[in-house]
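Single-structure report; data block below.
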Amino acid sequence: MSEQKQEKSEVKPGEFSTASLSLTTKERRFGERAIELGIYTVSSLSIIFIFLIFAFVLREASPIIGYTLSGEQTEKSAELTPEELTRAKEIVGEDYPILTHNSEITVSALIHDKWEPNSTYPRYGIWPIVLGTLKSTFVALFFAIPLSIFAALYTAFFAPLRLREFIKPVIELLAGFPSVVIGFFCLITIATFAQDLFGYEFRLNSVVGGFGLSLAVIPIIYTLSEDALRSVPGSLNEAALALGATKWQAAYQVMLPAATPGIFAAILLGLGRAFGETMIALMAMGNAPIPSWDVFDPARTFASTIGAEMGEVVFGSSHYQVLFFLGVVLFVFSFSINFLTEFYIKNKLIKKFRGNE
Amino acid sequence: MKRSRQILGFFAHGLPLVATLLVVGIIVAIIANFLIGGLPALSWEFLTESPRNVNTEGGIFPAIYGTVLLVIIMTIAAVPIGTITAIYLAEYAKKTSKLAQFVRFAVNTLAGVPSIVFGLFGLGFFIQTIGGGIDNWNHQAKMAELQQLVAAAPSPIANNSFAPVREIKAYLTQEDELKWRKEIQRLNQYEGGESAYANSQLVVTYLSSHTDPNWGKGNILWAALTLSLLTLPVVIVAVEEALKAVPQEVRSASLALGATRLETVWKIVLPNSLTGILTGSILAVGRGAGEVAPILFTGAAFSLAKLPGLQDQFMHLGFHLYILSTQAVNIDQARPLQFATTIVLLGLTLALNAVAIVIRSRIRRKNKSN
């Protein structure tokens, strides 16, 4: 506001602004049109970026999709001597094709439980990675959902005003922690602490990593849930209180259900973050592709596999294509989550739960 | 009945409190953990010296320098685009506009794309397509020039005649040693050695077959541009919020006095929301400084001999911490350095975030009062 007053005082009565005199109205209008067109163009860049990201990640993975669609898969077996072939079969197993590092591979080669991209006869089974991602995402949400939703309830309904002004920024500050710092914290402190406490075998595993992921997810779910809880009309609360409900009954039985769609959206976005988080998974999860359901085994995720292996991979090799294919999966997953929250929850559910306001 | 309700009420009040205390407790624990472990190792030398002895001694100055340079380039790219998009969303777009809905959806999607996917995009788009394209273009131009040079009169292989490679090298050295440095080096490996005979076609084909990646490899520019895509939504959201905090009456007054919409935005709305643009930039810098995944394969390096320029790889605080903590040879020796690096990185990002949160809460209060 103060700048504005200054501006007003600069233009004294009877004084003309030379800027507006130098251009005729028509010229000015043309210039404005051009600038506005520029604004529209620059604004559309975000849309273009999304397309570009998808297109270029897909492009590097496209051989896999192409070979899958055309049903071709080359195998090395033809070039091998019979002895080499038997040896290769012993290593790879009967049911898996014998591949080289430049084989044209299909999606069917990815459906396997061994991830050994660097051995002589590579295997690109992503089952261990799928399991690792599921486990760590589950653990992350297991910690994050109750902690952040209860914390959101506290700040929205129970906390004294001054405390709320303190708690909210502090939890939001957690969102500003670089994920590499959270990963390091889990790697050093949490890993040792948890192993001393539970006494399991591997120091780094999907519980330690999943806990780290939950630290990245908590601020997201917390902030969005708190916003959802506070955007429920206060009249509902007052009505419940007037009907004789206690403060907590009103909070749990009236306000919380009314905020369900928003909280659901918050959880979905948190899920997307846990699914795609790289550095924490890379540092605190042990990074071993073991096809195991045990949460106390080391694990790796889609994102951490890309992070760990993309640096050393040969450009254009089948390993390279598989890693980009994992990237496509990550992109499609995060896109779907956003699509779901945006068009289903925000448009349909919230209206349904609130009625037409 | 009443008793069970009391117990229920106890938990209903207790659980939220406990959850809040736990979350705040963890945050305090993280900060305390690093302060206790890292403060003793933090010194002026640590901040201003280069690493020595395979990163087990010395400081982290190159990493600080790399991070700062990275976020500066990132800000230059992200803030103008972000601000203009926010102006469109807040000032120009009608509520029912399809374009605005698409832009909003794209911005939200951009915010949700995993950071590692940005890294893949940087690799596929900036490094291979743009960088590789520039390299290819330059290489072809250079080769055309070479063709002309070796085919013209003073050259020993003019008019498609044959000459020993030694003489061709001498000729190139004499013409412009600095410019043809790489080609002369390559000719050293010409099959048949220095005394083999070659004509201009053979020489040019041989030299064309190999390009040195110049822009087609990771460097600080590509990494910064990759990061700017990642931080774009941060800028847009913050600036839009600030634009909305400018009272509607001010706009109406400006329009009523005959100003056009662009003049209103440029002279009234923007000057009033400079703090918002500042917040957006600060938040973006805070976010960008801490992200490691997008720069893993777009230009971050573990150790460098000199400070980077635009075309070089760079050291980065977060990447440095990642390497120190996962690939340190001697863990006991590396521990204090790891903690001190963490303090610097965490201090930098948290300070930026804290400043932004304070400014933003002021904007929000103003927003509410409208």
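The values are calculated or read from the model by the stated rules, or taken from the named source; none is laboratory data. These numbers were taken from a predicted model, which means no experiment stands behind them. All Cβ positions, glycine included, derive from the backbone under ideal geometry; neighbour counts span all protein chains shown.
Observations on the structure shown:
- The set of residues in the range B:163-181 that are more than 16 Å from residue B:147 (Cβ to Cβ) and basic (Lys, Arg) comprises B:166, B:169, B:181.
- Under the condition of being within 20 Å of residue A:313 (Cα to Cα) and in a helix (DSSP H, G or I), the residues counted in the range A:92-130 number 5.
- Taken over the range A:100-125, the residue count meeting the criterion of being touching a residue at least 60 places away in the same chain (Cβ under 8 Å), surrounded by 20 or more Cβ atoms within 10 Å (Cβ to Cβ) and within 15 Å of residue A:61 (Cα to Cα) is 4.
- Residue count, the range B:121-131 (criterion: in contact (Cβ under 8 Å) with a residue 40 or more places away in the chain and either among the β-branched types (Val, Ile, Thr) or more than 10 Å from every other protein chain (Cβ to nearest Cβ) (or both)): 3
- Filter pass, residue B:158 being surrounded by fewer than 20 Cβ atoms within 10 Å (Cβ to Cβ) and touching a strand residue (DSSP E or B) at 6+ places or on another chain (Cβ under 7 Å): no
- Reported count of residues in the range B:330-350, each being free of Cβ contacts under 8 Å to residues at least 24 places away in the same chain and small (Gly, Ala, Ser), is 1.
- Selection within the range A:174-196 - free of Cβ contacts under 8 Å to residues at least 12 places away in the same chain and part of a helix (DSSP H, G or I): A:181, A:188, A:189, A:192, A:193, A:195, A:196
Residue by residue, here is whether (1) assigned by TED's automatic domain parsing to the domain that holds residue B:75; (2) crowded, with 20+ Cβ neighbours inside 10 Å; (3) free of Cβ contacts under 8 Å to residues at least 40 places away in the same chain holds:
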site: B:274; (1), (2), (3): yes, no, yes
site: B:278; (1), (2), (3): yes, no, no
site: B:286; (1), (2), (3): yes, yes, no
site: B:291; (1), (2), (3): yes, yes, no
site: B:297; (1), (2), (3): yes, yes, no
site: B:303; (1), (2), (3): yes, no, no
site: B:307; (1), (2), (3): yes, no, no
site: B:327; (1), (2), (3): yes, no, yes
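- Residue check for residue B:245: in contact (Cβ under 8 Å) with a residue 40 or more places away in the chain and in the same structural domain as residue B:118 (by TED's automatic domain parsing): yes
- Spans of helices (runs of 4 or more DSSP H) in the range B:142-257 with at least 3 residues more than 30 Å from residue B:92 (Cβ to Cβ), among the hydroxyl-bearing types (Ser, Thr, Tyr) and in contact with a His (Cβ under 9 Å, 6 or more places away or on another chain): none
- Of the residues in the range A:197-204, none is away from chain B (no Cβ under 14 Å), modelled with pLDDT of 90 or more, outside any helix (DSSP H, G or I) and more than 19 Å from residue A:158 (Cα to Cα).
- Among residues of the range B:1-35, those that are away from every other protein chain (no Cβ under 11 Å) and either modelled with pLDDT of 85 or more or not in a helix (DSSP H, G or I) (or both), counted: 3
- Test: residue in the range A:150-161 that is buried (at least 20 other Cβ atoms within 10 Å of the Cβ), out of contact with any strand residue (DSSP E or B) (no Cβ under 7 Å at 6 or more places or on another chain), of a type in the set (Gly, Ala, Ser) and more than 30 Å from residue B:349 (Cα to Cα): no
- Given (1) within 30 Å of residue A:270 (Cβ to Cβ); (2) outside the structural domain of residue B:347 (by TED's automatic domain parsing); (3) in contact with a helix residue (DSSP H, G or I) (Cβ under 9 Å, 6 or more places away or on another chain), number of the condition residue B:103 does not satisfy: (2)
- Candidates are the residues of the range B:343-369 that are aliphatic (A, V, I, L, M) and more than 25 Å from the chain's Cα centre (by Cα); the one that is nearest to residue A:184 (Cα to Cα) is B:358.
- Close pairs (6 angstrom Cβ cut-off, 6 or more residues apart or separate chains): more than 14 Å from chain B (Cβ to nearest Cβ) and more than 14 Å from residue A:126 (Cα to Cα) in the range A:286-304, part of a loop (DSSP other than H, G, I, E, B) and of a type outside the set (S, T, N, Q) anywhere: A:296/A:200; A:297/A:290
- Set A:228, A:274: member being within 13 Å of chain B (Cβ to nearest Cβ) and either in contact (Cβ under 8 Å) with a residue 12 or more places away in the chain or buried (at least 18 other Cβ atoms within 10 Å of the Cβ) (or both): A:274
- Flag for residue A:258 being touching a residue at least 60 places away in the same chain (Cβ under 8 Å) and in contact with a Lys or Arg (Cβ under 6 Å, 6 or more places away or on another chain): no
- Verdict on residue B:348 being on the phi < 0 side of the Ramachandran plot, at pLDDT 90 or above and within 12 Å of another protein chain (Cβ to nearest Cβ): yes
- Flag: residue A:325 does not match the condition of being under 29 Å from residue A:222 (Cβ atoms), of a type outside the set (Gly, Ala, Ser), more than 9 Å from chain B (Cβ to nearest Cβ) and in a helix (DSSP H, G or I).
- Filter result for residue B:106 (free of Cβ contacts under 8 Å to residues at least 24 places away in the same chain, more than 33 Å from the chain's Cα centre (by Cα) and farther than 16 Å from residue B:213 by Cα): no
- Residue match in the range B:322-330 (condition: among the hydrophobic types (A, V, I, L, M, F, W, C), outside any helix (DSSP H, G or I), under 19 Å from residue B:60 (Cα atoms) and at pLDDT below 85): yes
- Test: residue in the range A:132-139 that is within 16 Å of the chain's Cα centre (by Cα) and among the aromatic types (Phe, Trp, Tyr): yes
- Of the criteria (1) among the polar types (S, T, N, Q); (2) crowded, with 17+ Cβ neighbours inside 10 Å; (3) in contact (Cβ under 8 Å) with a residue 60 or more places away in the chain, which one residue B:138 fails: (2)
- Residues of the range B:85-103 that turn out to be surrounded by fewer than 19 Cβ atoms within 10 Å (Cβ to Cβ) and not in a loop (DSSP other than H, G, I, E, B), as a count: 6
- The residues listed here are A:290, A:337; of these, the one that is crowded, with 16+ Cβ neighbours inside 10 Å, assigned by TED's automatic domain parsing to the domain that holds residue A:209 and in a helix (DSSP H, G or I) is A:337.
- Any hit, the range A:117-135, residues being over 30 Å from residue A:321 (Cα atoms), of a type in the set (Gly, Ala, Ser) and out of contact with any strand residue (DSSP E or B) (no Cβ under 7 Å at 6 or more places or on another chain): no
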